[in-house]
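**Student:** Take a look at the following structure, please.
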Amino acid sequence: MSHRRRPDLPPSRTTDRTPNPKLGRGEEGDRKGKISSSWSSRGIASAFFSSERRVWGLSLAFRATNSLLVQTYFNPDEHWQSLEVAHRIVFGYGHLTWEWKRGIRSYLHPLVFALLYKIMAFLRLDTPWFMVKAPRLLQSLFSSFGDLYMYKLSKLLFDEHVARWAFFCQLVNWFMFFCITRTLSNSLETVLTIMGLYYWLSASCSLEDVSTASRKLALFIAALACAIRPTSAITWFYVGMLDLVGLQSRLGFLFLEVIPIGVLVVAVTCLFDRWMYGSWIFVPLNFLKFNFLSSGGDYYGTHKWHWYFTQGFSAMLLTFLPFSIYGIFKSKKWRLSGLIAWVLGVYSMLGHKEFRFVLPVLPIALMFAGYSLAVMSKPDFPDPKRRNKYCNRWPLRVHLAVLFLIMSNVPMALYMSIVHQRGSEDVMFYLSKEAHDGKVKSILFLMPCHSTPYYSTLHHNLPMRFLDCTPSDGKEIPDESDRFLMDPAGFATDMFGNSSSPSHIVLFSSEEGSLREFLISHSFREVRRFFHAHFKVDRDLQASVTVYALADLAVT
């Protein structure tokens, strides 16, 4: 197959460089029109970033700390669609939500954590603390590679100076800190997307043999991302179609690379799902039918078409937004910035929208913010002698920009990761320790469905019950969660009349007032209360999570 350089890369990249066998590309040279990094080549930063291994080491330490600091509840899928499934695979008990009964989820992602649980069980490390922290520590390992490859991608497209600033943006951004170490399939999808883009674009400036190998590796990573989360195909459709135009042997590319690699990954994924489901299930088709053809996701709420542009993605970038916009227009990397617009545009056509859906393109936007900061950090000295004298000094605007970004993102990251909605996590950690001591017999969660982790955190095989919210055929039919919120006391009375009384009840303070008389009449007493949130999100203020126990089990 003949090789063509991608038009997205600067023409000088193939003529002004000396080949580097390690990366398959040359080092960035001094040339007109490029950001000069000579001023920053001295000092501690240059010495540190001289090795990508050091960059990865810093990222690994940072993300491990990041994972330990994340103590709040964000999205149910973090637990219910990964850890809960993995716990059931390894320990034999755990709840499978309706998605697994309809075959719209692949077991590929949960199996990653199932392997972790298996190792923990073998080493007898499945204690309450490790059951909570170990999965996020594993995800922090994956996330560190995402940071490293974002650095490498920035260095590939621009230069090392931009890569340093992009790395800074990646670590400081509040939403990356808040979300990337969580055990969501979107977090792993984001890491694979950045890795795949790096290998795909590095094929554009490599020798023929290296280019082919790099492109095949990119296709494998892309196929793996799509297997874990089928919506990743939105990203790779854009990338593939644009570059397909520039290839001389399109049929060879499709039939000798894309299809064989895609079929291999799909076949392996189907074998895993056949093993776990017990029958042949083609998850991508079921996922497409439910989420795109039948708009099944709308059952969980909808937003206006422009939400990602005006609220969702803008909130994720927060104060990095103006820097990203400036970097997009200044760098003129329209194909890459077009990927952001494409992903946001496609997801905007769906009624149900969530922040995490567009997480894979957040690092790209932060890379452009890094480019913006790199431009701003150029010394304002036209005289070469003065520029060399002050080469290690940043202009005042850069100091102010860095201070502004840190002050606006770090407090937000820490508050959302440590404070906001932490009651859901704290209550399950408490119940896990109580169950370990034999003080819990059964638990009823009188709160909206999936408001807390479940067996994957409790890690004790005892009866538990939560309010079901499985989508019904008729949208006008309220589920258990909706019926409870409409009449908490009436719903609880009917439930107790049809089942035995649990030893513990967990509920939010927003419904506690309506249930107090009911709880007292059934001999329940408050035993613990955990702070949850200072402000409401989509329901009444759920200020705290309360645990009630039968009087003979309650500890004063």
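**Student:** Output ³J(HN,Hα) for the stretch 463-469: one whole-Hz value per residue in order, computed from phi by the Karplus curve 6.51 cos²θ - 1.76 cosθ + 1.60 with θ = phi - 60°, and x for Gly and Pro.
**Tutor:** Residue by residue, the stretch 463-469 yields x, 9, 9, 10, 7, 6, 9 Hz.
**Student:** Follow-up. Given the pairs K289/K353; K441/K536; K304/K330, which are separated by over 22 angstrom at their Cα positions?
**Tutor:** Values: K289/K353 17 Å; K441/K536 32 Å; K304/K330 30 Å.
Beyond 22 Å: K441/K536; K304/K330.
**Student:** If you don't mind, another one. Whenever you get a sec, line up V266, V547, V245 from highest to lowest accessible area (probe 1.4 Å, protein heavy atoms).
**Tutor:** So the residues, ranked largest to smallest area, are V245, V266, V547.
**Student:** With a cut-off of at most 12 other beta carbons within 10 Å, and DSSP calling the residue loop, which chymotrypsin sites (Phe, Trp or Tyr not before Pro) in the stretch 257-356 qualify? Please list them.
**Tutor:** Counting only loop positions with at most 12 other Cβ atoms within 10 Å, the chymotrypsin sites (Phe, Trp or Tyr not before Pro) in the stretch 257-356 are W280.
**Student:** Grab the Cα-Cα distance for S51 and D494, subtract it from 0.36 nm times how many residues apart they are, and report the gain in nm with one decimal. Can you show the working numbers first?
**Tutor:** Numbers: separation 443, 0.36 × 443 = 159.48 nm, distance 6.47 nm.
This chain segment gains 153.0 nm when fully extended.
**Student:** A further question on this structure: What is the packing order of peptides 250-259, 175-184, taking the mean over residues of other C-beta atoms within 10 Å and listing the highest first?
**Tutor:** Result, highest mean first: 175-184, 250-259.
**Student:** Which of the following values of volume of the Cα convex hull per residue in Å³ was calculated from the structure shown: (i) 165; (ii) 192; (iii) 173?
**Tutor:** Given (i) 165; (ii) 192; (iii) 173, the calculated one carries the label (i).
**Student:** Given a Förster distance of 45 angstrom, what is the FRET efficiency for D468 paired with L414, based on the Cβ-Cβ distance and rounded to 0.05?
**Tutor:** The value I calculate is 0.80.
**Student:** If you don't mind, there's one more thing I want to ask. Under the Karplus relation 6.51 cos²θ - 1.76 cosθ + 1.60, θ = phi - 60°, what is the ordered set of whole-Hz ³J(HN,Hα) values for the stretch 313-327, x standing for Gly and Pro?
**Tutor:** 5, 5, 5, 5, 6, 6, 6, 6, 4, x, 5, 5, 4, 4, x
**Student:** Suppose a student asked you for the relative contact order of the chain, using Cα pairs under 8 Å spaced at least 6 residues apart; what percent would you report?
**Tutor:** Working: 812 pairs, mean separation 96.9, N = 556.
Relative contact order of the chain: 17 percent.
**Student:** Within the stretch 279-299, find all residues whose amide N lies under 20 Å from a label point positioned 7 Å from the Cα of V537 along Cα-to-beta-carbon.
**Tutor:** From the stretch 279-299, the list is 297-299.
**Student:** I would also like to ask the following. Classify the stretch 241-365 as rounded, prolate or oblate from the Cα gyration tensor: take a ≥ b ≥ c as the square roots of its eigenvalues, call it rounded if a/c is under 1.5, otherwise prolate when a/b beats b/c and oblate if not.
**Tutor:** Oblate, since a/c reaches 1.5 and b/c is not below a/b.
**Student:** If you roll a 1.4 Å probe over the chain with all protein chains in place, what percent of the accessible area is carbon or sulfur?
**Tutor:** Carbon plus sulfur share of accessible area: 63 percent.
**Student:** Just grab the label-to-label distance for L115 and L293, each label 7 Å out from Cα along the Cβ direction, in nm (one decimal).
**Tutor:** About 3.3 nm, to one decimal.
The values are calculated or read from the model by the stated rules, or taken from the named source; none is laboratory data. None of the values given here were measured: they were computed from a predicted structure. Please note: Cβ atoms are built from the backbone with ideal geometry, for glycine as well, and neighbour counts cover all protein chains shown. For the accessible areas, the whole protein counts, side chains as well, though only heavy atoms, and no ligand, DNA or RNA atoms are used. Shrake-Rupley method; radii C 1.70, N 1.55, O 1.52, S 1.80 Å.
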